[in-house]
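Colleague: Below you will find the structure I want to go over with you.
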Amino acid sequence: MVRQFMCATPLAAVNFKVKDITKEVDFILMILSHTILQKYPLKTQYITRFLKAIISQMENNGNELCDELYLKYVELIQNESNKGPFYKHYILGNNISNELTESVITIQESTSIVSQGTTGLCTWQAGIALSCWCLKNQDILKNKFIIELGCGTGLSGISTCLNCSPSEYWFTDCHSAVLNTLKHNIQINETYHKFNCKYDIVQFSWSDIEDLKMFENKKPDLVLAADVIFDDTMFEPLCSSLKYFTINKTTEIILFCTLRNSETYTKFLATLKKYDLLFTQSVLPDSYSIVLQQDCPIHIINIKQNAVMSK
């Protein structure tokens, strides 16, 4: 429950029926006074709704309610503000350190799905899934030169740089607003963590042939991307860029795709085939991580020259 609270998981997906809710509440109250949440706050409205749900659950269970919980709830109700910026704090590993800053990746996010003309200012479910997958597959990423397409707020890349020891990691996106937010998020996390690789922040547009020239003398070992196939008008430039990366026949590409619309997904697979990109598919297992909502299936597309083509 604590990990779900920290990353502002929608209340409908939070498991409030834990064995020792009193212990969880004590930890959450401690977290709310921690310097990292004071400096980089969750949205106040979310906290008040979360605390209200806890109070209701404890009353239903017949648990004794501590004064501190009520006082904090009333304090937040009286001072509720929608003035940002707001942050989410992701604990992707299984352990929460007593020194909270050692466990969390802090990400500034927009509270709107579309902001400043882009969807890249909030973290999408496939991005969280990719972050969790990287932690569980560190051997695949170790000592690799990795490029992330459409890096958004940076959760996947920051987690990889902290935990997976690639040789180098390039965060790429085409939107200046996204890259500015990314730089801010990297600065926050560099304050509390050591990045275990070189990294670069690169403005890269799939539809600009000139941008691809930056990779002429330095091809990535691995290309990662999450939730980049929601706009079918971008399938052609995306697949053209993916085709370019596979020219050296050693680069592997891994795409995490939330299946919201089967017609859009099928159209993307057809575009991959049009560009003669060989790929395999798999589906992320259910209950992959407590911080991940899986109300829609998340597909993993693996593109490489020696792949056995999926049907």
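Colleague: Kindly indicate the residue of the range 248-269 that is crowded, with 21+ Cβ neighbours inside 10 Å and not hydrophobic (A, V, I, L, M, F, W, C) and also farthest from Ala226 (Cα to Cα) among those meeting that condition.
Modeller: Out of the qualifying residues, it is Thr251.
Colleague: Restricting the search to the range 129-157, which residues are out of contact with any Leu (no Cβ under 9 Å at 6 or more places or on another chain) and at negative phi?
Modeller: Correct list: Lys136, Asn137, Gln138, Asp139, Lys142.
Colleague: Still on this structure: Looking at the structure I just gave you, is Ser289 hydroxyl-bearing (Ser, Thr, Tyr), out of contact with any strand residue (DSSP E or B) (no Cβ under 6 Å at 6 or more places or on another chain) and farther than 18 Å from Leu149 by Cα?
Modeller: Details: hydroxyl-bearing (Ser, Thr, Tyr): yes; out of contact with any strand residue (DSSP E or B) (no Cβ under 6 Å at 6 or more places or on another chain): yes; farther than 18 Å from Leu149 by Cα: yes.
In short, yes.
Colleague: Continuing with the same structure: Being modelled with pLDDT of 90 or more, farther than 22 Å from Asp227 by Cα and part of a loop (DSSP other than H, G, I, E, B) narrows it down to one of Asn143, Asn95, Asn82, so name that one. It would help to see each step written out before you state the result.
Modeller: On the way: Asn95 fails: modelled with pLDDT of 90 or more; Asn82 fails: modelled with pLDDT of 90 or more.
Of Asn143, Asn95, Asn82, the one residue that is modelled with pLDDT of 90 or more, farther than 22 Å from Asp227 by Cα and part of a loop (DSSP other than H, G, I, E, B) is Asn143.
Colleague: Suppose we keep only residues that are assigned to a strand (DSSP E or B) and modelled with pLDDT of 95 or more within the range 173-204. Which one would you say is most open to solvent (accessible area, probe 1.4 Å)? Talk me through it step by step, then tell me what you get.
Modeller: Here is the first cut: in the range 173-204, the residues assigned to a strand (DSSP E or B) are 173, 198-203.
Within this subset, residues satisfying the condition of being modelled with pLDDT of 95 or more are 198-201.
On the way: Lys198: 129, Tyr199: 73, Asp200: 67, Ile201: 47 Å².
The extreme case among them is Lys198.
Colleague: Has the range 67-90 got any residue that is aliphatic (A, V, I, L, M), open to solvent by less than 50 Å² (accessible area, probe 1.4 Å) and free of Cβ contacts under 8 Å to residues at least 60 places away in the same chain?
Modeller: Kept after step one, since they are aliphatic (A, V, I, L, M), are these residues of the range 67-90: 69, 71, 74, 76-77.
Now drop any that are not open to solvent by less than 50 Å² (accessible area, probe 1.4 Å), which leaves 69, 76.
From what is left, the residues that are free of Cβ contacts under 8 Å to residues at least 60 places away in the same chain are 69, 76.
Yes: the range 67-90 contains one or more residues that are aliphatic (A, V, I, L, M), open to solvent by less than 50 Å² (accessible area, probe 1.4 Å) and free of Cβ contacts under 8 Å to residues at least 60 places away in the same chain.
Colleague: So, of the residues in the range 142-156 that are charged (D, E, K, R) and out of contact with any Cys (no Cβ under 8 Å at 6 or more places or on another chain), which turns out to be least open to solvent (accessible area, probe 1.4 Å)?
Modeller: Initial filter on the range 142-156 (charged (D, E, K, R)): 142, 144, 148.
Of the ones still in play, those that are also out of contact with any Cys (no Cβ under 8 Å at 6 or more places or on another chain) are 144, 148.
Details: Lys144: 69, Glu148: 6 Å².
Once the filter is applied, the top-ranked residue is Glu148.
Colleague: I'd like to know if the range 217-237 contains one or more residues that are surrounded by 19 or more Cβ atoms within 10 Å (Cβ to Cβ), at pLDDT 95 or above and assigned to a helix (DSSP H, G or I).
Modeller: yes
Colleague: In the range 202-238, what residues are among the hydrophobic types (A, V, I, L, M, F, W, C) and in contact with a Cys (Cβ under 7 Å, 6 or more places away or on another chain)? Even if it seems obvious, please write down each step before you answer.
Modeller: Here is the first cut: in the range 202-238, the residues among the hydrophobic types (A, V, I, L, M, F, W, C) are 202, 204, 206, 209, 212, 214-215, 222-226, 228-230, 234-235, 238.
The answer is Phe204, Ile229.
Colleague: From the residues in the range 11-26 that are among the hydrophobic types (A, V, I, L, M, F, W, C), in a helix (DSSP H, G or I) and in contact (Cβ under 8 Å) with a residue 40 or more places away in the chain, which one is surrounded by the most Cβ atoms within 10 Å (Cβ to Cβ)? Break it down stepwise before answering.
Modeller: Initially, the range 11-26 is screened for residues among the hydrophobic types (A, V, I, L, M, F, W, C), giving 11-14, 16, 18, 21, 25.
Filter once more, keeping what is in a helix (DSSP H, G or I): 11-13, 21, 25.
Checking which are in contact (Cβ under 8 Å) with a residue 40 or more places away in the chain leaves us with 11, 13, 21, 25.
On the way: Leu11: 14, Ala13: 13, Ile21: 16, Val25: 24.
In this case the residue turns out to be Val25.
Colleague: Hey, another quick one. Counting only residues that are over 20 Å from Tyr70 (Cα atoms) and either free of Cβ contacts under 8 Å to residues at least 40 places away in the same chain or of a type in the set (A, V, I, L, M, F, W, C) (or both), which one in the range 36-53 is most open to solvent (accessible area, probe 1.4 Å)?
Modeller: Here is the first cut: in the range 36-53, the ones over 20 Å from Tyr70 (Cα atoms) are 36, 39-40.
Still in the list and also either free of Cβ contacts under 8 Å to residues at least 40 places away in the same chain or of a type in the set (A, V, I, L, M, F, W, C) (or both): 36, 39.
Values: Ile36: 1, Lys39: 128 Å².
So, considering only residues that are over 20 Å from Tyr70 (Cα atoms) and either free of Cβ contacts under 8 Å to residues at least 40 places away in the same chain or of a type in the set (A, V, I, L, M, F, W, C) (or both), the one most open to solvent (accessible area, probe 1.4 Å) is Lys39.
Colleague: Of all residues in the range 281-291, count the ones that are part of a strand (DSSP E or B) and open to solvent by less than 50 Å² (accessible area, probe 1.4 Å). Break it down into steps so the answer makes sense when it comes.
Modeller: Start the filter on the range 281-291 by keeping residues that are part of a strand (DSSP E or B), which leaves 281-283.
Remaining after also requiring open to solvent by less than 50 Å² (accessible area, probe 1.4 Å): none.
Going through the range 281-291 one residue at a time, the tally reaches 0.
Colleague: Let me ask something else. For the list (1) outside any helix (DSSP H, G or I); (2) open to solvent by less than 40 Å² (accessible area, probe 1.4 Å), I need the number of the one condition that Ser241 fails.
Modeller: So Ser241 meets the others, but not (1).
Colleague: Same structure again: Among the aromatic types (Phe, Trp, Tyr) and in contact with a Cys (Cβ under 9 Å, 6 or more places away or on another chain): is that true of Tyr40 in this structure? I'd like the intermediate steps shown before the answer.
Modeller: Working: among the aromatic types (Phe, Trp, Tyr): yes; in contact with a Cys (Cβ under 9 Å, 6 or more places away or on another chain): no.
When the stated conditions are applied, Tyr40 does not pass them.
The values are calculated or read from the model by the stated rules, or taken from the named source; none is laboratory data. These numbers come from a predicted model, not from an experiment. For neighbour counting, all protein chains shown are included, and Cβ atoms are generated from backbone atoms with ideal geometry for every residue, glycine included. Calculation scope for accessible area: heavy atoms of the full protein, side chains included, ligands and nucleic acids excluded. Shrake-Rupley method; radii C 1.70, N 1.55, O 1.52, S 1.80 Å.
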